[in-house]
Amino acid sequence: MPSELSPDPCSVAAEVAERVLAAPPTLGTSRLVCVDGPAGSGKTTLATAIADVVPEAHVVHCDELLQGWRGLPGLARTIETFLEPLARGEGSRWTRWDWAADDWAESHPVEAGGLLVLEGTGCWSPAIASLVGVLVWVEAESGLRLRRGMARDGEQMRPQWEQWRIDEDVLFARLGTRAGADLVVVTG
């Protein structure tokens, strides 16, 4: 049963950092935190707060690993491929999806060791569960999440957001992500 924490990102970040840093590495010589949950729930805010608590943490935003709006089904494999070298204690790299160009862009290296924070819808899957030190599920009321998305991306993106919300619901139901979380954060 996951424990629920207050929505204050600073206190949650401190709790996550304390938990993951007190435990042995789970990703080769690295430690891994996944911040998952539906779009617009506050995952990026929490990941930023974790990086503030652990300044040497490397944060990867998984919306940069998606192959566009319909890329959610392939994200788990992309993440597995990225994590495999790190699990062996080697450096890895990830390639950024350029949403404007609708194509893959530059690659980014990640050295082994330290704390890696994966943030984004679908960043956790059962295939990587043994590599994850802490899984945080972040959620918010559906209408609030949609308002946040429209404020960020613009009303013209509503059709993409509506489909995304269906896709993420299907993914989370299939994977049982919330049930696997170590911490649940409800934002408002």
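The values are calculated or read from the model by the stated rules, or taken from the named source; none is laboratory data. Small disclaimer: the values here were computed from a predicted structure and weren't measured. All Cβ positions, glycine included, derive from the backbone under ideal geometry; neighbour counts span all protein chains shown. For the accessible areas, the whole protein counts, side chains as well, though only heavy atoms, and no ligand, DNA or RNA atoms are used. Shrake-Rupley method; radii C 1.70, N 1.55, O 1.52, S 1.80 Å.
For this structure, a couple of remarks:
- Residues in the chain average 47 Å² of solvent-accessible surface per residue, probe 1.4 Å, ligands and nucleic acids excluded.
- With N the number of residues in segment 130-188, Rg(Cα) / (2.2 N^0.38 Å) evaluates to 1.29.
- Relative contact order, whole percent, for segment 1-156 stands at 36, derived from Cα pairs under 8 Å and 6 or more residues apart.
- When the inverse distances between all different Cα atoms of segment 30-156 are averaged and flipped, the Kirkwood radius reads 15.1 angstrom.
- Loop-located chymotrypsin sites (Phe, Trp or Tyr not before Pro) in segment 89-118 whose Cβ has at most 15 other Cβ within 10 Å (DSSP): TRP99
- Between MET150 and ARG19, the simple spin-label model (points 7 angstrom out along Cα→Cβ) gives 3.4 nm.
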